[in-house]
Amino acid sequence: MLKEKSKMLMPQLIVEVAGEKTMSIQPPKEDPVKIHREGIGLYDSGKYKGAMEKFLEASGLYEKLGNFFDASYMLFKAAECNFLLKDYDTAIERFMKAADIALEKGYDRFGLGALEYALDCYKAAGKEKSKKVTELKGRIKKVKEKLEAAGF
């Protein structure tokens, strides 16, 4: 009974949609900023596998909170760890996912950076002649054109 009451007392996020207040998901129990910082500490000390795990955990928590920029950034940092560990295929996947989130949410310059890092991973893996690289270069070109048209 006490357990049920404590669940009911947990704070919930209140979101206003079209003038109506609705309850949203409960905030996560873990602190994504704390986990983010732990990942940075591990990264700075060269512990890339541990850092990658922290970055992925923080990314998921940020995404649950609707903080898509930091969710994307943490995926980017995890991909950097994969790159440094020479796991280029995983790095490509994570850079691409970071780019997808960033571009979908309007963070075009950050998304462009993630796409360019994915291209670097293809080159490091010796796959610069693949069809995916050609497609990626086309996507990079489109984002650059969009940014130039917006005055960036």
With the condition kept exactly as written, say whether any residue in segment 111-126 is over 30 Å from PHE152 (Cα atoms) and more than 17 Å from the chain's Cα centre (by Cα). yes
Show the residue pairs that are 6+ apart or on different chains and have beta-carbon atoms under 9 Å apart, the first residue being within segment 36-48 and within 19 Å of ASP87 (Cβ to Cβ), the second being of a type in the set (Ser, Thr, Tyr) and outside any loop (DSSP other than H, G, I, E, B). LEU42/TYR48
Filter segment 114-136 down to the residues that are of a type in the set (Gly, Ala, Ser), closer than 18 Å to GLU80 by Cα and free of Cβ contacts under 8 Å to residues at least 12 places away in the same chain and list them by number. GLY126
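Kindly check whether there is at least one residue in segment 61-70 that is among the small types (Gly, Ala, Ser), out of contact with any strand residue (DSSP E or B) (no Cβ under 7 Å at 6 or more places or on another chain) and at negative phi. Spell out the reasoning first.
The first filter runs over segment 61-70 and keeps only residues among the small types (Gly, Ala, Ser), leaving 66.
Now narrow it down to the ones that are out of contact with any strand residue (DSSP E or B) (no Cβ under 7 Å at 6 or more places or on another chain): 66.
Narrowing further to those that are at negative phi: none.
Within segment 61-70, none of the residues are among the small types (Gly, Ala, Ser), out of contact with any strand residue (DSSP E or B) (no Cβ under 7 Å at 6 or more places or on another chain) and at negative phi.
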Do we have GLU38 as crowded, with 16+ Cβ neighbours inside 10 Å, more than 24 Å from GLY111 (Cβ to Cβ) and at pLDDT 95 or above here? yes
Just to be sure, is ASP120 within 22 Å of GLY39 (Cα to Cα), in a helix (DSSP H, G or I) and acidic (Asp, Glu)? no
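Within segment 129-146, is even one residue over 14 Å from the mean Cα position of the chain (by Cα), of a type outside the set (Gly, Ala, Ser) and either outside any helix (DSSP H, G or I) or under 28 Å from PRO32 (Cα atoms) (or both)?
First, the residues of segment 129-146 that are over 14 Å from the mean Cα position of the chain (by Cα): 129-146.
If we keep only those that are of a type outside the set (Gly, Ala, Ser) too, we end up with 129, 131-137, 139-146.
Restricting the remaining residues to those that are either outside any helix (DSSP H, G or I) or under 28 Å from PRO32 (Cα atoms) (or both) gives 129.
Within segment 129-146, one or more residues are over 14 Å from the mean Cα position of the chain (by Cα), of a type outside the set (Gly, Ala, Ser) and either outside any helix (DSSP H, G or I) or under 28 Å from PRO32 (Cα atoms) (or both).
This table checks each residue for (1) in contact with a Lys or Arg (Cβ under 7 Å, 6 or more places away or on another chain); (2) surrounded by 19 or more Cβ atoms within 10 Å (Cβ to Cβ); (3) farther than 15 Å from ARG94 by Cβ.
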| site | (1), (2), (3) |
| --- | --- |
| VAL33 | no, no, yes |
| LEU42 | yes, yes, yes |
| SER45 | no, no, yes |
| MET52 | no, yes, no |
| PHE55 | yes, yes, no |
| GLY66 | no, no, yes |
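The values are calculated or read from the model by the stated rules, or taken from the named source; none is laboratory data. None of the values given here were measured: they were computed from a predicted structure. Ideal geometry is used to build each Cβ from the backbone, glycine not excepted, and the neighbour counts take in all protein chains shown.
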